[in-house]
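Colleague: Structure incoming, see below.
Read-outs: derived from the displayed coordinates by stated rules, not from any lab. Keep in mind it's a predicted model, so treat the numbers as computed, not measured. Quick reminder, even Gly has a Cβ in these numbers, built from the backbone with ideal geometry, and neighbours come from all protein chains shown.
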Amino acid sequence: MDLLSTSGIDSLISNFRYYERSRRITPLEQRKTKISNLSSAWSDLNTKLTSLRSELDGLKSAEGNSVFDSKIAELSNSDYFTATATSSAVTGAYTMTVDQLAQFDNVVSDTKASDSASGVQAGTLSFRVQSGTFDSTIEITTTGSETYKELMEKISTAINDASDGSIAASAFSPTTGQSKLSIATQNSGKDNEITLSDVSGNALASIGLNLSSRVAAGADGSAGYVYAESELNSKLTFNGISVERNSNTIDDLISGVTLILKQKMDTGVPRVNIMIKNDTEKVKEKVKSFISSFNAAYNYLKDNYNSTKDKRAIFTGNSTASNLKQLLTSQTTSQVEGLPSGDLSFLSDIGISFDPNTGLTLSDESKLDDAASATPDQVQALFNSTNGIATKLFNTVDNYTKTDGIISHITDSYDSTMSYLSDKITSRNENIDKQAAVQRKKYEQLQVQLATIMNNYNYFQQIAQGTF
């Protein structure tokens with residue numbers, strides 16, 4: 001009788017749902033979980049392969065920016081200048097001394113009492129300022145009553161307003177109650193020296209700057225140039241030859257090398273030796289980075305393919321994973337075809353070994369150092385020739401990782417299957433719910449019928465016992 005009680009019916013329906021879910025839903029959920037795990041595993045592998053692809057892209061490059069073309073500039077003394085080499089630099093040896101740093105031309109006015117009358121003419125006055133490619137006739141408007149401070153400020157403002165950024169002027173007070181105007185170029189060297197002249201009026205002449213020749217600024221505050229013309233350029237002795245440049249940054253002396261001068265070398269300081277060499281450390285860093293990325297992808301694939309006695313690996317039996325594993329192995333251990341006889345043609349030739357249990361290892365760094373230094377072209381060809389290791393591996397990895405590649409198709413298929421299974425699970429759950437509702441209704445009807453029977457039974461029992 002308890003069976004058809006409300007709690008009994010609830011128990012029956014719960015058991016019905018459990019049985020139907022176990023029979024019809026659980027297998028679908030298990031299948032969906034397995035496919036989801038496979039999809040995640042392929043996505044994780046794709047991330048690792050994408051990193052490997054990026055490393056291979058740099059190694060397979062045969063353009064001028066190839067890592068194998070990297071150069072480094074080594075100096076016997078870096079106190080006086082720096083040297084930076086690009087991949088276009090040619091290996092070689094040079095000597096250099098820094099005899100003079102380039103200067104920014106600077107001309108200053110007479111030092112004048114700030115509040116004294118300047119004696120400048122009234123009206124629109126003009127003057128010409130030249131420096132390098134900058135050549136401008138500049139105008140100011142005066143009342144004729146300007147003090148020296150006011151006149152210098154007007155000239156300074158007018159120059160700065162007209163400037164293209166190559167020249168700047170400033171009025172300042174060298175001592176209390178005095179004013180002085182400074183005009184300086186923003187580009188160093190003799191080619192950018194400043195020339196000044198009045199065109200109409202006496203704006204410059206009023207402060208000593210209508211200079212007909214390059215006179216030196218006086219210790220007494222008289223107008224003139226801070227540097228002699230001969231002091232404007234940087235001066236070097238390069239391989240025994242005197243060299244001058246406008247700047248302290250020199251990129252046209254050694255092809256592909258930029259020199260930045262820091263200070264003049266005193267007499268007696270030994271000349272600096274410059275060595276332009278192949279950057280073997282950069283090559284080694286790139287090769288190590290490739291090995292690291294390769295091993296991350298290879299070991300993830302291997303560990304998820306090889307089952308143990310306690311656990312079946314997720315890629316076990318998957319032909320796509322098996323083929324990729326074989327390709328990664330063969331393309332890093334096989335001889336590179338098409339290279340001249342006697343040239344480097346195996347990774348082992350540059351100290352890189354392969355172990356199927358761990359992947360690649362730079363087991364002999366000295367081999368790579370020697371090869372990158374002595375035969376950089378051969379190291380480059382080993383990786384980026386037509387059949388080079390990086391070239392072939394890149395093509396393989398790209399086939400798997402590109403937008404419409406193998407892994408994309410695999411994960412798309414898994415996503416489609418999971419979507420189908422989700423819809424199937426939802427549909428079957430709805431069907432089980434409907435069947436459970438029907439079962440509940442039948443049990444409730446039986447419950448009513450049983451109650452009626454029990455009422456009749458009790459009634460007749462009372463009659464039989466004469467208690468009614």
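Colleague: Quick one: if the Förster radius is 25 Å, what FRET efficiency do SER292 and SER408 give, using the C-beta to C-beta distance and rounding to 0.05?
Modeller: 0.50
Colleague: Projected area of region 104-150, taken from the Cα convex hull and averaged over every viewing direction, in nm²?
Modeller: For the Cα atoms of region 104-150, the hull's average projected area reads 4.0 nm².
Colleague: OK, next. Place a +1 charge on the Cβ of each Lys and Arg in region 106-231 and a -1 charge on the Cβ of each Asp and Glu, then give the dipole magnitude about the Cα centre in debye, rounded to the nearest 20.
Modeller: The dipole magnitude comes to about 160 debye.
Colleague: Right, here's the next one. Relative contact order for the chain: what is it in percent, counting Cα pairs under 8 Å that are at least 6 residues apart?
Modeller: Taking the mean separation of contacting Cα pairs over the length of the chain, I get 22 percent.
Colleague: Continuing with the same structure: Assuming R0 = 30 Å, can you tell me the calculated FRET efficiency for the pair THR320 and GLU281, based on Cβ-Cβ distance, to the nearest 0.05?
Modeller: Here the calculated transfer efficiency is 0.20.
Colleague: Could you pull out the chymotrypsin sites (Phe, Trp or Tyr not before Pro) across region 139-238 that fall in loop regions by DSSP (anything but H, G, I, E, B) with no more than 14 other Cβ atoms inside 10 Å?
Modeller: none
Colleague: Any idea what angle helix 389-401 forms with the longest principal axis of the chain, computed on alpha-carbon atoms, 0 to 90 degrees, nearest 10?
Modeller: Long axis of 389-401 versus the principal axis of the chain: about 50 degrees.
Colleague: In degrees between 0 and 90, to the nearest 10, how far off the longest principal axis of the chain does helix 6-24 point, with axes built from Cα atoms?
Modeller: Approximately 60 degrees, to the nearest 10.
Colleague: Across region 172-233, how large is the tail of the calculated P(r) beyond 16 Å, expressed as a percent of all Cα pairs?
Modeller: On the way: 960 of 1891 pairs.
Everything past 16 Å amounts to 51 percent.
Colleague: Let me ask you something else. Give the Kirkwood hydrodynamic radius (Å, one decimal) of region 273-384, defined as one over the mean of 1/r across all pairs of different Cα atoms. Numbers along the way, then the final one.
Modeller: Numbers: mean 1/r = 0.0637 Å⁻¹.
Averaging 1/r across every pair of different Cα atoms and inverting gives 15.7 Å.
Colleague: Please compute the alpha carbon radius of gyration of the chain, then divide it by the globular-protein estimate 2.2 N^0.38 Å. Two decimals is fine.
Modeller: 1.93
Colleague: Roughly what % of DSSP beta bridges within the chain run antiparallel, to the nearest 5?
Modeller: Counting DSSP beta bridges with both partners in the chain, the antiparallel share is about 100 percent.
Colleague: Please find the FRET efficiency linking ALA219 to VAL199, where r is the Cβ-Cβ separation and R0 is fixed at 45 Å, and quote it to the nearest 0.05.
Modeller: With a Förster radius of 45 Å, E is 0.90.
Colleague: Provide the packing ranking of 73-86, 446-459, i.e. peptides ordered by the mean count of other C-beta atoms within 10 Å per residue, highest first.
Modeller: 73-86, 446-459
Colleague: Shape of region 106-231 from its Cα gyration tensor (a ≥ b ≥ c, root eigenvalues): rounded if a/c is under 1.5, otherwise prolate when a/b > b/c, or oblate?
Modeller: It comes out oblate by the Cα gyration axes.
Colleague: Nothing charged except the Cβ atoms of Lys and Arg (+1) and of Asp and Glu (-1): what's the magnitude of the dipole of the chain about its Cα centre? Round to the nearest 20 debye.
Modeller: Working: 42 positive and 54 negative charges, 650 e Å.
The dipole magnitude comes to about 3120 debye.
Colleague: For LYS149, go through the lysines and keep the ones whose alpha-carbon is under 27 Å away, minus same-chain ones fewer than eight residues off.
Modeller: The qualifying lysines are LYS112, LYS180.
Colleague: I've got another one for you. If I model a spin label at ASP161 and THR426 as a point 7 Å from the Cα along the Cα→Cβ vector, what separation in nanometres do I get?
Modeller: 7.2
Colleague: Also, I was wondering about something else. Among ASN455, GLY405, PRO356, pick out the residue whose Cα is farthest towards the positive end of the charge dipole of the chain, where Lys and Arg carry +1 and Asp and Glu carry -1 on C-beta, about the Cα centre.
Modeller: The Cα lying farthest towards the positive end belongs to ASN455.
Colleague: Determine which aspartates and glutamates satisfy two conditions relative to LYS434: a Cα distance under 16 Å, and not lying fewer than 8 residues away in the same chain.
Modeller: In chain and number order, the partners are ASP10, GLU20, GLU444.
Colleague: Go ahead and estimate [θ] at 222 nm for the chain from helices alone: -39,500 (n - 2.57) per DSSP H run with n ≥ 4, summed, over the residue count, rounded to 500.
Modeller: On the way: 9 runs with 199 residues, N = 468.
That comes out to -15000 deg cm²/dmol.
Colleague: Working out 0.36 nm times the residue gap between GLN449 and ARG24, then minus their Cα-Cα distance, what length gain in nm do you get to one decimal?
Modeller: My answer for the length gained is 149.8 nm.
Colleague: So, one more: Taking a threshold of 30 Å on the Cα-Cα distance, which of the pairs LYS34/LYS286; LYS302/LYS367; LYS32/LYS288; LYS71/LYS262; LYS367/LYS402 fall above it?
Modeller: Distance filter (> 30 Å) returns LYS34/LYS286; LYS32/LYS288; LYS367/LYS402.
Colleague: How far is helix 280-303 tilted off the main Cα axis of the chain, in degrees rounded to 10, range 0 to 90?
Modeller: That works out to roughly 10 degrees.
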